[in-house]
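Novice: The structure follows.
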Amino acid sequence: EAGVAQSPRYKIIEKRQSVAFWCNPISGHATLYWYQQILGQGPKLLIQFQNNGVVDDSQLPKDRFSAERLKGVDSTLKIQPAKLEDSAVYLCASSSPPLPLGQGKETQYFGPGTRLLVL
Amino acid sequence: QQQVKQSPQSLIVQKGGISIINCAYENTAFDYFPWYQQFPGKGPALLIAIRPDVSEKKEGRFTISFNKSAKQFSLHIMDSQPGDSATYFCAASMEGGYQKVTFGIGTKLQVIP
């Protein structure tokens, strides 16, 4: 089974520039997540999609970040304009459809991430 | 608000020793507690997980101990090996909904030969 694919793996940009990241989840996984992982911290959820609908974007800085998941498969995350504090690893994860209550939790599978450096 | 507090932030253990990482949570609505392992340049991967209706779960050399009344849980790595050197994250999520996961800050473990 192929894992979660992300590209690019590394990106260096100057502040105020724009950047986009791409994620292709595991085939059949309806839920897709974008996380921001700043060096020395745990991943922080930015946005969560269920198919092509957003179910949680409460921690997404909407003035500069946007994400879409057209057709409910792959997804892009965009930052425009970038700030120095956006330097981080951006992780994409996917999971299978939610199980009924009491039947356990599905596992989130993470991609390798995109390491962004804003100069 | 840091809902899941993790310690220590770094840990050095000799090969064959026991590695212990502790976490505490605040929200009593959390009911699923996974641990993730992350190697450099890789995304986190689920290692082991526990629900609060059990006090301990063991998978190979990895054991989670859970204390519901204290709102604390810990990961024990027995017979630690150099290949266990990685960053470990505890996490918590709630039943139902879309399972938003809250991660701890992470513990960088180094197992020295």
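The values are calculated or read from the model by the stated rules, or taken from the named source; none is laboratory data. Remember, predicted model here, so these are calculated numbers, not experimental data. All Cβ positions, glycine included, derive from the backbone under ideal geometry; neighbour counts span all protein chains shown. Surface areas here come from the heavy atoms of the whole protein model, side chains and all, with no ligands, DNA or RNA. Shrake-Rupley method; radii C 1.70, N 1.55, O 1.52, S 1.80 Å.
Novice: Only residues that are within 18 Å of A:Asn52 (Cβ to Cβ) and either more than 13 Å from the chain's Cα centre (by Cα) or of a type outside the set (S, T, N, Q) (or both): list them for segment A:9-31, please. Give the derivation first.
Specialist: Looking only at segment A:9-31, we keep the residues that are within 18 Å of A:Asn52 (Cβ to Cβ), and these are A:20-31.
Scanning segment A:9-31 gives A:Ala20, A:Phe21, A:Trp22, A:Cys23, A:Pro25, A:Ile26, A:Ser27, A:Gly28, A:His29, A:Ala30.
Novice: Moving on to the next point. State all residues of segment B:39-68 that are under 29 Å from A:Gly113 (Cα atoms), within 13 Å of chain A (Cβ to nearest Cβ) and open to solvent by 20 Å² or more (accessible area, probe 1.4 Å); if no residue qualifies, say none. Even if it seems obvious, please write down each step before you answer.
Specialist: If we filter segment B:39-68 for residues that are under 29 Å from A:Gly113 (Cα atoms), which is where we start, we get B:39-51, B:59-64.
Filter again for within 13 Å of chain A (Cβ to nearest Cβ), leaving B:39-51.
Correct list: B:Phe39, B:Pro40, B:Gly41, B:Lys42, B:Ala45, B:Leu46, B:Leu47, B:Arg51.
Novice: Can you name the number of the only condition in (1) farther than 23 Å from A:Gln48 by Cα; (2) open to solvent by 20 Å² or more (accessible area, probe 1.4 Å); (3) within 12 Å of another protein chain (Cβ to nearest Cβ) that B:Cys23 fails?
Specialist: Answer for B:Cys23: the failing condition is (2).
Novice: Another question, if that's okay. Can you give me the number of residues within segment A:73-85 that are within 16 Å of the chain's Cα centre (by Cα) and either open to solvent by 20 Å² or more (accessible area, probe 1.4 Å) or of a type in the set (D, E, K, R) (or both)?
Specialist: Matching residues across segment A:73-85 total 5.
Novice: Name the single residue that is nearest to the other protein chains (Cβ to nearest Cβ) among those in segment A:22-53 being touching a Lys or Arg at 6+ places or on another chain (Cβ under 8 Å) and among the hydrophobic types (A, V, I, L, M, F, W, C).
Specialist: For segment A:22-53, the residue satisfying everything is A:Leu45.
Novice: If B:Tyr88 passes every condition in (1) open to solvent by 50 Å² or more (accessible area, probe 1.4 Å); (2) under 23 Å from A:Gln37 (Cα atoms); (3) within 14 Å of chain A (Cβ to nearest Cβ) but one, which one does it miss?
Specialist: Checking B:Tyr88 against (1) open to solvent by 50 Å² or more (accessible area, probe 1.4 Å); (2) under 23 Å from A:Gln37 (Cα atoms); (3) within 14 Å of chain A (Cβ to nearest Cβ), the one that fails is (1).
Novice: Additional query: Assess whether B:Ser93 counts as being of a type in the set (S, T, N, Q) and closer than 29 Å to A:Asp57 by Cα.
Specialist: Values: of a type in the set (S, T, N, Q): yes; closer than 29 Å to A:Asp57 by Cα: yes.
When the stated conditions are applied, B:Ser93 passes them.
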